[in-house]
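Here is the structure we will look at, set down as structure tokens.
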Amino acid sequence: MDVLAELTGSVGSIGYGLAAIGPGIGVGIVWAAYIQATARQPESAGLTRTYAFLGFALSEALALIGFVVPFVYGT
Amino acid sequence: MDVLAELTGSVGSIGYGLAAIGPGIGVGIVWAAYIQATARQPESAGLTRTYAFLGFALSEALALIGFVVPFVYGT
Amino acid sequence: MDVLAELTGSVGSIGYGLAAIGPGIGVGIVWAAYIQATARQPESAGLTRTYAFLGFALSEALALIGFVVPFVYGT
């Protein structure tokens, strides 16, 4: 019986892949809300733009942290 | 039987990746709610801003705990 | 038989990561509901604040239990 498992690579790739799931959805939710809010109340576009970019950045940051995490724990 | 698995890295990366899924979505939901609430009732922006940042911080904290967890359990 | 796996770390990290998915989303949903309810009926803010914090705590508790679980089962 020969079992030749030749998996290679670092599990850090899996880690980043998982870390990108949530922010991928979260960023979409934020911009979807901004689009709908702006379409209904165009005069609110300037008021809520700050929070659209803020929410996007804070959600996206979680995926970017997942990018550097393997270097922290050992690649 | 030869099993030559050349996987490298720490499973802590997978742990963080999983821990970032929920907060990534949760943060997006919180800011989406704040954007829509502010667009409809601009006068409520000051009243609800506290809770937007509170909800964001409490959700994001779960991902940040996932960042330090591998150090607690052993990298 | 040669097993050359260079993976390190504890699967407790994966456990916590999974445990944080639900609460990360749940906490975001609770605060999103409170933000929108407060924006529409500002006079209800005091009445519903108790339940916002209650819902947040009960959801977050699941992730914090996931943090101590590896110590219970063996790290």
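Nearest 100 Å², what total accessible surface is buried between chain B and chain C (probe 1.4 Å)?
Looking at B and C, the buried total is near 3700 Å².
Shortest first and in nm with one decimal, please list how far the C:L58 label point sits from its counterparts in the other copies (point 7 Å along Cα→Cβ).
1.3, 2.5
Would you look at the GNM of chain A, springs on alpha carbons closer than 10 Å, and say which of A:G26, A:G46, A:G12 moves the most?
For chain A, modelled as a Gaussian network with Cα springs under 10 Å, the answer is A:G46.
Can you give the alpha-carbon Rg of the protein assembly as shown over 2.2 N^0.38 Å, where N counts its residues?
1.18
Which whole-number percent of Cα pairs in chain C have a distance greater than 14 Å?
Here the long-distance tail beyond 14 Å is 68 percent of all Cα pairs in chain C.
Which value, in debye to the nearest 20, gives the size of the charge dipole of the protein assembly as shown about its Cα centre, when Lys and Arg are +1 and Asp and Glu are -1 at the Cβ?
With Lys and Arg at +1 and Asp and Glu at -1, about 1160 debye.
On C-alpha positions alone, give me the angle between the axis of helix B:45-73 and the longest principal axis of chain B, in degrees, nearest 10.
Helix B:45-73 sits at roughly 10 degrees to that axis.
The values are calculated or read from the model by the stated rules, or taken from the named source; none is laboratory data. Quick caveat, the model's predicted, so the values are computed rather than measured. As a convention, Cβ positions derive from the backbone with ideal geometry for all residues, glycine included, and neighbour counts pool all protein chains shown. All accessible areas refer to the heavy atoms of the entire protein, side chains included, with ligands and DNA or RNA removed. Shrake-Rupley method; radii C 1.70, N 1.55, O 1.52, S 1.80 Å.
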